[in-house]
Amino acid sequence: MSALFTPLKIKDIKMRNRIGVSPMCQYSSIDGVAQPWHMVHLGARAVGGAGLIIAEATGVSPEGRITPDCAGLWNDTQVEALLPINNFIKSHGAVVGVQIGHAGRKGSASSPWKSGDHLQDDSGGWPTLGPTSDVFDPDGKRLWKTPNAMTQADIDKVQDDFVASAKLALDAGYQMLEVHGAHGYLLHSFFSHLVNTRTDQYGGALKGRARMMLEIVEKVRAVWPENLPLAVRLSVVDWVDGGLTIEDNIQMAKWLKERGVDIVDCSGGGATPASRSSVGTRTADQVGLAGELRAGADIATMAVGYITDAQQAEDVIASGTADVALLAREMMRDPYWPLRAAQTLGVNAKSFLPPQLGTFIA
Ligand SMILES: Cc1cc2nc3c(=O)[nH]c(=O)nc-3n(C[C@H](O)[C@H](O)[C@H](O)COP(=O)(O)O)c2cc1C
């Protein structure tokens, strides 16, 4: 019996296997509205057999997006475009989730294949927000914009935006909600002392820096149905000397669990240019940290970072490192990765492939 292909129940949601598609920005939305690309990108991976699909970082407001081409969840037009995509994914047996977030001082950038640099306000960009007015890239090369240090009114507005977005996510048919607390975006930038040097109640020691994330999670949990899973993606280490450690994040996970978070998605890096980016690795050295956090905080985890191989993913689950193995780039290479993994692990793929495929190839 394969651990990877053993179903997982979280709250009232049952995943057919432990293989998840990690959130991946597609930079292909218009005014935050999903396009046919998203149906193909996400739909192909549902047909391919993934148990869970987490849609890309989705801005809770226009200025919460990373780029003008990023997905958004702040109006009904966006919900209407998402409904057929999510219905398709569910009709093919995958659980569909979405990652809602605010890009903070890394927002207002152009899409990677355009340059990835910050945009001027009069060229499609917008004023950014941060815990302080410190610039992401002090050398001023790429992400050079000076953010506005957030006032209490700014904090209240962003928290309200997360709540409104969570409600729209439910309307759009998502079954799992993930709050983006990683990669140097707003919530992580509050938590990491590499960025947050505030001296008010949202800064200082660990609990103060955690406050922004915890308040948002508490408010989101209050509107996200109790029977549906709530996840948070953390950068479980900053991957830079003097940054957040796994111990800091075990503490954060305990606080999140107290507030009703069901599963922690264990990513890493991104707080400063010196820290490793979430895709900046060619080794799976991050994966084990999901196990440390799972044991330390007694909470379910998703492991991510250079999981490419079926036996490797099987071991992640069988060893108790994580409850879900998330793949990003390998899923880009092959939306049928779960089919290949089933073949390698001796699992009958007929049970999860649609009959149009399974009848002939499983
Ligand atoms: C094109 C691309 C877009 C990504 N977009 C997001 C995103 O929207 N949210 C997020 O948390 N991580 C994002 N990531 C990071 C991935 O979810 C994942 O954590 C990372 O790529 C490491 O996994 P991998 O080695 O399987 O690619 C993105 C990665 C890629 C390659």
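The values are calculated or read from the model by the stated rules, or taken from the named source; none is laboratory data. This structure is a prediction, so every number in the text was calculated from the model and none was measured. Note: ideal-geometry Cβ built from the backbone for every residue, glycine included; neighbour counts use all protein chains shown.
Would you point out the residue of region 131-176, among those that are in a loop (DSSP other than H, G, I, E, B) and among the aliphatic types (A, V, I, L, M), that is farthest from residue 25 (Cα to Cα)?
150
Being surrounded by fewer than 20 Cβ atoms within 10 Å (Cβ to Cβ) and on the phi > 0 side of the Ramachandran plot is true for just one of 309, 315, 285, 298. Which residue is that?
Going through 309, 315, 285, 298 in turn, just one is surrounded by fewer than 20 Cβ atoms within 10 Å (Cβ to Cβ) and on the phi > 0 side of the Ramachandran plot: 298.
For every residue, the table says whether it meets (1) under 17 Å from the mean Cα position of the chain (by Cα); (2) buried (at least 20 other Cβ atoms within 10 Å of the Cβ).
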position	(1), (2)
4	no, yes
33	no, no
44	no, no
50	yes, yes
66	yes, yes
70	yes, yes
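Restricting to region 259-283, name every residue that is under 15 Å from residue 324 (Cα atoms) and either within 9 Å of the ligand (Cβ to nearest atom) or not in a loop (DSSP other than H, G, I, E, B) (or both).
Within region 259-283, 263, 264, 265, 266, 267 qualify.
Quick check on region 177-194: of everything there that is among the hydroxyl-bearing types (Ser, Thr, Tyr) and part of a loop (DSSP other than H, G, I, E, B), which residue is surrounded by the most Cβ atoms within 10 Å (Cβ to Cβ)? Walk me through it before giving the result.
We begin by selecting, within region 177-194, every residue among the hydroxyl-bearing types (Ser, Thr, Tyr); these are 185, 189, 192.
Remaining after also requiring part of a loop (DSSP other than H, G, I, E, B): 185, 192.
On the way: 185: 24, 192: 22.
Going through the qualifying residues, I end up with 185.
Is it fair to say residue 326 is crowded, with 21+ Cβ neighbours inside 10 Å and near the ligand (Cβ under 9 Å from one of its atoms)?
So residue 326 passes the test.
Restricting attention to region 295-320, which residues are of a type in the set (Val, Ile, Thr), away from the ligand (no atom under 15 Å from the Cβ) and touching a helix residue (DSSP H, G or I) at 6+ places or on another chain (Cβ under 9 Å)?
Once the filter is applied, which keeps residues that are of a type in the set (Val, Ile, Thr), away from the ligand (no atom under 15 Å from the Cβ) and touching a helix residue (DSSP H, G or I) at 6+ places or on another chain (Cβ under 9 Å), region 295-320 yields only 299.
Does region 255-283 hold any residues that are hydrophobic (A, V, I, L, M, F, W, C) and under 18 Å from the mean Cα position of the chain (by Cα), and which are they?
Correct list: 256, 261, 263, 264, 266, 271, 279.
State whether one or more residues within region 131-142 are in contact with a strand residue (DSSP E or B) (Cβ under 6 Å, 6 or more places away or on another chain) and either farther than 23 Å from residue 332 by Cβ or surrounded by fewer than 22 Cβ atoms within 10 Å (Cβ to Cβ) (or both).
Yes, region 131-142 has at least one match.
Kindly check whether there is at least one residue in region 337-350 that is modelled with pLDDT under 95, within 25 Å of residue 55 (Cα to Cα) and surrounded by 14 or more Cβ atoms within 10 Å (Cβ to Cβ).
Yes, because at least one residue in region 337-350 is modelled with pLDDT under 95, within 25 Å of residue 55 (Cα to Cα) and surrounded by 14 or more Cβ atoms within 10 Å (Cβ to Cβ).
I'd like the full set of residues that are among the aromatic types (Phe, Trp, Tyr) and away from the ligand (no atom under 16 Å from the Cβ), limited to region 329-362.
Passing the criteria: 352, 360.
Within region 84-93, does at least one residue satisfy the condition of being on the phi > 0 side of the Ramachandran plot and either assigned to a loop (DSSP other than H, G, I, E, B) or within 15 Å of the ligand (Cβ to nearest atom) (or both)?
Yes, some residue in region 84-93 is on the phi > 0 side of the Ramachandran plot and either assigned to a loop (DSSP other than H, G, I, E, B) or within 15 Å of the ligand (Cβ to nearest atom) (or both).
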